[in-house]
1. From Ala210, Ala206, which residue is under 17 Å from the mean Cα position of the chain (by Cα), modelled with pLDDT of 90 or more and buried (at least 16 other Cβ atoms within 10 Å of the Cβ)?
2. Residue under question is Tyr84, and the condition is that it be in contact (Cβ under 8 Å) with a residue 12 or more places away in the chain, hydroxyl-bearing (Ser, Thr, Tyr) and in contact with a Phe, Trp or Tyr (Cβ under 7 Å, 6 or more places away or on another chain); does it hold?
3. May I ask you to list the residues in the range 1-18 that are farther than 18 Å from Ser259 by Cβ and either open to solvent by less than 10 Å² (accessible area, probe 1.4 Å) or part of a loop (DSSP other than H, G, I, E, B) (or both)?
4. If you check Glu153 against the conditions, is it assigned to a helix (DSSP H, G or I) and open to solvent by 70 Å² or more (accessible area, probe 1.4 Å)?
5. So, in the range 235-264, exactly how many residues are under 22 Å from Asp124 (Cα atoms), of a type in the set (A, V, I, L, M) and open to solvent by less than 30 Å² (accessible area, probe 1.4 Å)?
6. For Val191, work out the one condition from (1) in a helix (DSSP H, G or I); (2) of a type outside the set (Ser, Thr, Tyr); (3) open to solvent by 20 Å² or more (accessible area, probe 1.4 Å) it doesn't fulfil.
7. Ser259: closer than 20 Å to Leu170 by Cβ and within 18 Å of the chain's Cα centre (by Cα), yes or no?
Amino acid sequence: MKRVGIVGFGHLGKYLYNRLINDPNFKVVFIWNRSPIKDESIDKELILSNLEDFKNYKVDLIIEVAHPIITHDYGVRFLQHSNYVIGSPTALANQTLLDKLISTSIEFRSKIYVPCGAFWGANDIKKMATQQTLKGLKITMTKHQTSLKLEGELKEKLERMKVWDSSLILYEGPVRDLCHLAPNNVNTMAVGALSALNLGFDKVQACLIADPNLIDKHVIEIEVTGPFNEKLNQNFKCTTVRSNPAQIGHVTGNQTYDSFYYSLLETLSETKSSGY
């Protein structure tokens, strides 16, 4: 039985808690959230008021589903104490932080897990990247504007739109530069950059679109480009479009909850070396 701490108790955190407490392979030993947890069904002995107290608990796994700032502030310390599941992998666009997390995981023989969540085809893309046959990857994410929690210039660009009568392309370019501007929204893109090992955050391309017509779903399009066939004068290409039912204003689509949970179970069942 794995002893688990959950960091973040929003929609996804609550979902994971309810799944894990009913799974005989897991025991939830603490929960932390940035704002007070008011759910009276939660055993108050599980609730941490100060995240610094995590080190007082013996855990096999800490699951972060709060915000990338948690990995920035606590990721290294978590890995000195436990294995660590990163549910907000946009944090890993910071190369210095990523390098430090990997070196810590090696030093302390702990593991970093990044569930694929809403990223479709991660295993196939990893295989192509390992074989160096992955030549390009573009991820386009389209959501209703109220589902976007943006920072900096993208927040200003969104706020300047007073009349929404058509879609708006907010960003096109490398995934790395988008992660700090949309840290809550583009975790799927970060997973793609991690899966595409030979391309990474700088070469995987991102496109973020706000669309007022998407009132009941999020749409993610993944375009994979493979090797060039000189005889036939064309590249291998594969495009998938994922339409995920989602309430208007929600950051995470409905199907992502199940996908995150089962990809977490799949990841934990695999034998992995230290590092991610």
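1. Values: Ala210 fails: under 17 Å from the mean Cα position of the chain (by Cα).
Of the residues listed, the single one that is under 17 Å from the mean Cα position of the chain (by Cα), modelled with pLDDT of 90 or more and buried (at least 16 other Cβ atoms within 10 Å of the Cβ) is Ala206.
2. The answer is yes for Tyr84.
3. Residues satisfying the conditions are Met1, Val4, Gly5, Val7, Phe9.
4. Details: assigned to a helix (DSSP H, G or I): yes; open to solvent by 70 Å² or more (accessible area, probe 1.4 Å): yes.
Judged against the criteria, Glu153 is a match.
5. Step one: list which residues in the range 235-264 are under 22 Å from Asp124 (Cα atoms), which gives 235-244, 255-264.
Pick out the ones that are also of a type in the set (A, V, I, L, M) and you get 241, 264.
Pick out the ones that are also open to solvent by less than 30 Å² (accessible area, probe 1.4 Å) and you get 264.
The total comes to 1.
6. For Val191, the exception is condition (3).
7. Details: closer than 20 Å to Leu170 by Cβ: no; within 18 Å of the chain's Cα centre (by Cα): yes.
Spelling it out, it is not the case that Ser259 is closer than 20 Å to Leu170 by Cβ and within 18 Å of the chain's Cα centre (by Cα).
Yes or no, residue by residue, for (1) modelled with pLDDT under 95; (2) closer than 21 Å to Ala129 by Cβ; (3) assigned to a loop (DSSP other than H, G, I, E, B); (4) of a type in the set (Asp, Glu):
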| site | (1), (2), (3), (4) |
| --- | --- |
| Glu221 | no, yes, no, yes |
| Val224 | no, yes, no, no |
| Lys237 | no, yes, no, no |
| Gln247 | yes, no, yes, no |
| Phe260 | yes, no, no, no |
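The values are calculated or read from the model by the stated rules, or taken from the named source; none is laboratory data. Predicted model only: the values in this text are computed from it and were never measured. A quick note on method: Cβ atoms are made from the backbone with ideal geometry, for glycine too, and the neighbour counts reach across all protein chains shown. In case anyone asks, the SASA skips ligands and DNA or RNA and just uses the protein heavy atoms, side chains included. Shrake-Rupley method; radii C 1.70, N 1.55, O 1.52, S 1.80 Å.
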